[in-house]
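Following: one structure in C-alpha cells, then a few remarks.
The values are calculated or read from the model by the stated rules, or taken from the named source; none is laboratory data. Note that the structure is predicted; figures quoted are calculated from it, not measured. Please note: Cβ atoms are built from the backbone with ideal geometry, for glycine as well, and neighbour counts cover all protein chains shown.
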Amino acid sequence: MRIEVEEFLRRLEVGLRCTLPTMVTLSLVVLCAVPYGIPGLNKVMPLLPLLSVYFWSVHRPNLTPVLGHFLIGLLQDVLVGTPLGLSAAMFVGIHAAVHYQRPFFHGKTFLVLWFSFALLMTIIVLLSYMVVATYNLSFVPILPVLLQLSLTIAFYPLLTRIFQWTLRALMRTV
Amino acid sequence: MPPPGQKYVLRIALPLRAQAQRFGFIVLLALAFTLMVFARTEMMVVERFRTNVLDMFVPVLSALSHPVGSVRDVTSAINSWTMLHQENVQLREVNARLQRWEVVAHKLERENAALKTLLSYRPGPLASFISARVVGGSGSAFVRALMLNSGSRNGVEKGHAVMDGTGMAGRVVEVGQRSARVLLLTDLNSRIPIVIGTSGDRAILAGDNSDVLYLDLLSPKADIDVGMRVTTSGHGGKLPSGLPIGRVSAVHEGGVKVQPFVDFDRLEYVIVANWTMPVFEPVSASKDKVDGGLPGKGEEHEHASEGSPP
C-alpha cells in the first residue's frame, strides 16, 4: 500500500514538473497584463510570454504542446485586448519556426540562441504589425512596436537565466 | 535490434507523425486567422468568449494588482517627498487661481439659478456613478485599453463614459458579469465627437496609440488656439456633453493636437458614469421640457469654461 502511494506521489511530481514550461508561459501572460503604473511600461510591456515560448520550444520541445501555446495565445489576446487570434498566431509561429529549425538550435551557444531569437522575433513582430494594420485598415505607429521588440530582445539574458535555473533545479529528470 | 514488425510500424508512423504535426500547425494558424476575421466582423460568439474568459481571470488580476498597487504607493511616496518644495509652490499658485475662480463660479451659479427660474427649467436626469478598480493594462503596442473589475452586475454597460478626477479617459467597449474593458481615448480606434472652447467648433477627437490626441474633421473656418479646452459634444447620443477631455497643445498645418487631462499611466481607480440620455418626446407631451443639458459633475466644468477667467 505504502509503495503504491509513493509511486502515485512520484508520478504526480513528474507530471507537475512536466507542466512547468506551460505554467511558466501562462503565468507570464497573466503577470504582463497587470497594470504596474510605471510610466512607459504600461504602454510597451516586453513580450515576455513569447520569450518563454521560444525558450521552452528550444530546450524542452516534448513538454510544450503546440495546442497549449495556441490556447495561451488566445488568453493573451483576451487579457491584453488585441484582435482575438493575433497572439495565438504569433505563439504558433514561433513554435513552428523552432520546430522546423531544431537541428540548427541543437547544442548552440547562448549568443547564437540570443541572436536567433532576435531575428525570429523581428520577423514575427513585423508580420504581426502588418496583420494589425490590415485588421484596422489604417496606419499603425511603428515606433512603439519597435520599442517593444527591442525591450523583449533585451530581456532575453535575464529571463533565460531564470528559466535555465528552473530547468536545472526542477526539471533535470524530465 | 527491434522486431521486424515494430520496424515497419516505425517506418510508417514517424512520417505520419511529422505530417500530422505540420497539419496541426497549419490548422491552428488557419484557426487563429479565422478568429481574427470573426473578431473583425464583431461576431457575438467572439465577444461572448472574450467576456467569459475575462470574467474568469479578473479575480486573479484583481488579487495581483493589490501588491503591485502598494509598490506603486511606496514609489509615489518617495517621489512626493523629493518633490515636496516644488509641489508646495505649485499648489500655492493653483490655490490662488482657484480662489479667484470660486468667486466667478458663485456669481455664475446665482445667475444660472435666476435664469433657470425665469425659464421654468426642469433639470435633466442625474448620472449614476460606479467606482471601479483598474486591474489590467494593455501593455501592447497595438491597443490602448484597460480592464476594470466591475461589470454588468455592478451596472456597467457598453458605451458608458469612463473618467478619473481630471477628465474623460475612455469608454466601455466590452462588458462581462464582473469585468469590463475600456477603450482609452488614445487608442487607434477611439473616435469621440467633441466641441472646442466656447466658440462651439465641433470636430472628432481621435487617438493614434500615442500620448497625444488629434482632431479630425475639423472645419477649416474654425478658429483654434493653443490652450483651448476640449470637451465632449454629446453628438451621436452615446456620451453626455461637456465632459472635460483636454487642452489644445499644438496647432499647425498638419492638424491640431490635444493633450488629455488624464494621466493614463497612473489610472488606478476610475468612475464609470451612466447618463440617461434624453429621449425625444412629442412636443405636445413635453411642451415645457428643455433638454437637460449636462447634469452632475461635468456641469461645473462646462460653466467654468463659459465664464471669463478673472
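Numerical summary
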quantity: Residue in segment B:54-70 that is touching a residue at least 60 places away in the same chain (Cβ under 8 Å), within 28 Å of A:Asn136 (Cβ to Cβ) and more than 8 Å from every other protein chain (Cβ to nearest Cβ) present; calculated: yes
quantity: Selection within segment A:103-119 - surrounded by 12 or more Cβ atoms within 10 Å (Cβ to Cβ) and under 19 Å from A:Gln164 (Cβ atoms); calculated: A:Phe105, A:Lys108, A:Phe110, A:Val112, A:Leu113, A:Trp114, A:Phe115, A:Ser116, A:Phe117, A:Ala118
quantity: Matching strands (runs of 3 or more DSSP E) fully within segment B:142-255 where at least 2 residues are among the small types (Gly, Ala, Ser); calculated: B:168-175, B:201-206, B:244-252
quantity: Test: A:Val53 is assigned to a loop (DSSP other than H, G, I, E, B) and of a type in the set (A, V, I, L, M); calculated: no
quantity: Residues of segment A:57-99 satisfying the condition of being in a helix (DSSP H, G or I), more than 9 Å from every other protein chain (Cβ to nearest Cβ) and over 30 Å from B:Leu146 (Cβ atoms); calculated: A:Ser57, A:Val58, A:His59, A:Pro61, A:Asn62, A:Leu63, A:Ala97, A:Val98
quantity: Hey, A:Leu111 within 13 Å of another protein chain (Cβ to nearest Cβ) and on the phi < 0 side of the Ramachandran plot or not; calculated: no
quantity: All positions within segment A:120-162 that are in contact (Cβ under 8 Å) with a residue 24 or more places away in the chain and of a type in the set (Phe, Trp, Tyr); calculated: A:Tyr135, A:Phe155, A:Tyr156
quantity: Index of the failed condition, A:Val44 passing every other in (1) more than 27 Å from B:Val27 (Cβ to Cβ); (2) more than 9 Å from chain B (Cβ to nearest Cβ); calculated: (2)
quantity: Index of the failed condition, B:Arg133 passing every other in (1) within 14 Å of chain A (Cβ to nearest Cβ); (2) part of a helix (DSSP H, G or I); (3) surrounded by 11 or more Cβ atoms within 10 Å (Cβ to Cβ); calculated: (2)
quantity: Matching residues, segment A:55-99, being over 16 Å from A:Thr22 (Cα atoms) and of a type in the set (S, T, N, Q); calculated: A:Thr82
quantity: Residue in segment A:2-43 that is modelled with the highest pLDDT, counting only those that are surrounded by fewer than 21 Cβ atoms within 10 Å (Cβ to Cβ) and part of a loop (DSSP other than H, G, I, E, B); calculated: A:Tyr36
quantity: Residue match in segment A:138-152 (condition: part of a loop (DSSP other than H, G, I, E, B) and touching an Asp or Glu at 6+ places or on another chain (Cβ under 7 Å)); calculated: yes
quantity: Condition met for B:Gly139 (surrounded by fewer than 20 Cβ atoms within 10 Å (Cβ to Cβ) and part of a loop (DSSP other than H, G, I, E, B)); calculated: no
quantity: Leading residue by the ranking (surrounded by the most Cβ atoms within 10 Å (Cβ to Cβ)) among those in segment B:24-59 that are β-branched (Val, Ile, Thr) and within 15 Å of B:Gln177 (Cβ to Cβ); calculated: B:Val58
quantity: Failed criterion for B:Glu42 (all others in (1) within 8 Å of chain A (Cβ to nearest Cβ); (2) assigned to a loop (DSSP other than H, G, I, E, B) hold); calculated: (1)
quantity: Among (1) surrounded by fewer than 18 Cβ atoms within 10 Å (Cβ to Cβ); (2) in contact with a Ser or Thr (Cβ under 7 Å, 6 or more places away or on another chain) - the single one B:Val156 does not satisfy; calculated: (1)
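Yes or no, residue by residue, for (1) of a type outside the set (Val, Ile, Thr); (2) within 13 Å of chain A (Cβ to nearest Cβ); (3) touching a Cys at 6+ places or on another chain (Cβ under 7 Å):
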position	(1), (2), (3)
B:Glu87	yes, no, no
B:Leu91	yes, no, no
B:Gln99	yes, no, no
B:Val104	no, no, no
B:Glu111	yes, no, no
B:Ser120	yes, no, no
B:Ser138	yes, yes, no
B:Phe142	yes, yes, no
B:Leu148	yes, yes, no
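Matching residues to (1) at positive phi; (2) loosely packed, with under 13 Cβ neighbours inside 10 Å; (3) at the interface with chain B (Cβ under 8 Å from one of its Cβ atoms):
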| position | (1), (2), (3) |
| --- | --- |
| A:Ile124 | no, no, no |
| A:Val132 | no, no, yes |
| A:Asn136 | no, no, yes |
| A:Val145 | no, no, yes |
| A:Leu151 | no, no, no |
| A:Phe155 | no, no, no |
| A:Leu159 | no, no, no |
| A:Trp165 | no, yes, no |
| A:Ala169 | no, yes, no |
